[in-house]
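Readers should treat all values here as calculations from the given coordinates under stated rules, not as data from a laboratory. Just so you know, these numbers come straight off a predicted model, no measurement behind them. With ideal geometry, Cβ positions are generated from the backbone for all residues, glycine too; neighbour counts draw on all protein chains shown.
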Amino acid sequence: MSIQPEERLAAALARLILDPAAPPARHIAVGAASPIPAAACWLVRKSGHPVRLSLLHKRSGNPFTEGSRELFDLTGQGRIDLFFLGGGQIDGQANLNLVGTGEWPGTGVRFPGSFGSAFMYFMTPRTILFREEHSARVLVPRVDNISAPGVSEPGVFRRGTAQALVTGKCVFTFDPGAARFTLASLHPGETVESIREATGFDFDAPAEVPQTPDPTPDELALLRGPVCDEMLETYPDFCARVFSRKLAA
Amino acid sequence: MTPTVDSLAASVPDGALVALPPDNSLPSVAMARALIRRGARNLRLLGVPVSGFATDLLVGAGCVAEIETSAVSLGEAGFAPRFTQALKAGAITVRDATCPAIHTMLQAAEKGVPFMPLRGLIGSDILAHRPDWMVIDNPFAGGGDPIVLLPARQPDVALIHGVMADEAGNVWTGRRRELATLSHASKRVIATVERMVPGDMLEDERLAPGCISGTYIEAVAVAERGAWPVALLDEYGFDAAHVAEYARMAKTEAGFREYLDRYVFNVSQAKAAE
């Protein structure tokens, strides 16, 4: 079986989770409708790293007994180390728009809404931004509406911000001091030029940008085996599409 | 005799602030259908902390004037079509929040205090569009620590669907204990349940932690599959095929009306589906 793009993205996210330069990820929470981040977290766990995973939408054995309120209270205390966020629009300062385009509250295209982003982005030591669609309509110079800001004024309580932005085309890292993204790796078939063309915001790029590595054979075996086993109940369509596995009736 | 769902819907007045949990946390979809049948108007919905299928139904049926929520979505079935249409048409007022803000406003109401602080939010356009929220300087710090204050929010009525209710009026909602906060904070709680059970669940140590005490429950009606098409704990799963069918039909006003006729107004057929 050839490597699926989703498998490469999960492996790329897993490497970011394990980045030794980043604060430790002892407890990771994953929100709704996030199969690739969930796969990345399970990959880290099944690779033998002792990380606690709290998957908000797991039906059987849900980790919370007080629903999402408990997730936010845990995060408020600083007990969630890493969270994933996306956005209908993401700009070059890592501002997230989950509300909609046009005038508030989304008179152009209305997105579902901000969920917990306006809290989680501040209170989690690190956030990995993930959005498969990499286009100038998603990655914009300036978001129309800010659900959650990428950086804050001095004095505003904030534990962290974006560590990286992973898309279907590349991986960017984020420097909160400069409030800018830097191109970190290119998925197969992409060039710095093709990324510039598909990206609405300006970003930095080193002289040589490496390729995003393929998942290793061990990672692929874990993804298609034990990771898929854990995900079948919550994400049956994803598992069928990516891993060609169906939940037993 | 326990009351019927429709008789309870008649007790929810037009204009009420109605709290609904999200699709994964036991909303009474049966009560939403009953409110549509009774022709409720100008409801103000509170998503605790987000909104789903029941909210889109109520909005599409013209029952809603205002929504306060952190998101409205049909999950895997995509954006909520009737909500989106109503927002575009200016038919509803939408007050966007963020999930922990809604939990916090309910926690303030639960404690009977006028407000509670919450971290985050500063620099977000959510805050910029909430004149009812404010930023103060943390009075316990030496200065220079801005923090948001949120007012207590007390719903007029919360609509929840539990697995069972007992003779003492307690309702069992299992691990979804965030419903306890919602119930404690609301003036009234109307619950639907799958079944009635004899006795008092609070006398059973294993059931008691998953109970909402009858202290907070005003009325209970039996509505089998009353959360359908959303999931109810380990009783039944999310009916993804039905919600996808809804999402298709509700793309147009005519399709939505057909959906209501088939699944909401046609009570015998709706009952069969439930």
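Listed by chain and number, the lysines whose alpha-carbon sits under 24 Å from that of B:LYS88, ignoring those within fewer than 8 places in the same chain, are B:LYS251. Remark: B:VAL29, A:VAL166, B:VAL163 ranked as B:VAL163, B:VAL29, A:VAL166, counting other beta-carbon atoms within 10 Å and listing the fewest first. What separates the Cα centres of the stretch B:199-274 and the stretch A:192-249 is a distance of 36 Å.
Net charge dipole, chain B: roughly 660 debye, given to the nearest 20, about the Cα centre with Cβ charges of +1 for Lys and Arg and -1 for Asp and Glu.
Each label point was placed 7 Å from the Cα along the Cα-to-Cβ direction; for B:TYR236 and B:LEU149 their separation is 4.7 nm.
Ordering B:PHE115, A:PHE119 by the number of other Cβ atoms within 10 Å of each residue's own Cβ, fewest first, gives B:PHE115, A:PHE119. Checking every one of the chymotrypsin sites (Phe, Trp or Tyr not before Pro) in the stretch A:121-229 against DSSP loop status and a limit of 10 other Cβ atoms within 10 Å picks out no site at all.
Compute the relative contact order of the stretch B:1-140 as a whole-number percentage, counting only Cα pairs closer than 8 Å that sit 6 or more residues apart in sequence.
Result for the stretch B:1-140 is 18 percent.
Across the stretch B:17-23, rounded Karplus estimates of 3J(HN,Hα) from the backbone phi angles (6.51 cos²θ - 1.76 cosθ + 1.60, θ = phi - 60°) give 7, 10, 9, 10, x, x, 4 Hz, Gly and Pro being marked x. Under the simplified labelling scheme, the B:ARG195-A:MET1 pair shows an inter-label distance of 4.0 nm, with each label point 7 Å from Cα along Cα→Cβ. Residues A:MET123, A:MET231, A:MET1, ranked from the fewest to the most other C-beta atoms within 10 Å, line up as A:MET1, A:MET231, A:MET123. For the stretch A:7-12, backbone phi angles converted through the Karplus equation (6.51, -1.76, 1.60; θ = phi - 60°) give residue-by-residue couplings of 5, 5, 5, 4, 5, 5 Hz, Gly and Pro being listed as x. The alpha carbon gyration tensor of chain B gives principal lengths a ≥ b ≥ c with a/c of 1.5 or higher and a/b no greater than b/c, which makes the shape oblate. Each Lys and Arg Cβ is given +1 and each Asp and Glu Cβ -1; about its Cα centre, the protein assembly as shown then shows a dipole of about 300 debye.
Normalised by the number of residues in chain B, the mean separation of alpha-carbon contacts (under 8 Å, six or more apart) gives a relative contact order of 19 percent.
Within the stretch A:156-214, list the GluC sites (Glu not before Pro) lying in a DSSP loop whose Cβ has at most 12 other Cβ atoms in a 10 Å radius. Kindly include the intermediate steps, with their values, before the conclusion.
Working: sites: A:GLU190, A:GLU193, A:GLU197, A:GLU208; in loops: A:GLU190, A:GLU208.
Sites meeting the loop and neighbour criteria: A:GLU208.
In a DSSP loop and with at most 14 other Cβ atoms within 10 Å, the trypsin sites (Lys or Arg not before Pro) in the stretch A:123-172 are A:ARG137, A:ARG142. The spacing between the stretch B:166-182 and the stretch A:136-158, judged by their C-alpha centroids, is 39 Å.
Summed over qualifying helices (DSSP H, 4 residues or more, each -39500 (n - 2.57)) and divided by its residue number, the protein assembly as shown shows a 222 nm mean residue ellipticity of -8000 deg cm²/dmol. In plain terms, if you count all Cα to Cα distances in chain A and split them into 5 Å steps from zero, the share in each step is 1, 6, 14, 17, 20, 18, 14, 7, 2, 1, 0 percent.
Over chain A, what is the mean sequence separation of C-alpha contacts under 8 Å (at least six apart), divided by residue count, expressed as relative contact order in percent?
Computed over chain A, the figure is 19 percent.
Normalised by residue count, the protein assembly as shown yields a Cα convex hull volume of 155 Å³ per residue.
Using only the Cα atoms of the stretch B:159-272, build the gyration tensor, take square roots of its eigenvalues as a ≥ b ≥ c, and label the shape rounded, prolate or oblate: rounded if a/c is under 1.5, else prolate if a/b is larger than b/c, else oblate. Since a/c reaches 1.5 and a/b is larger than b/c, the shape of the stretch B:159-272 is classed as prolate.
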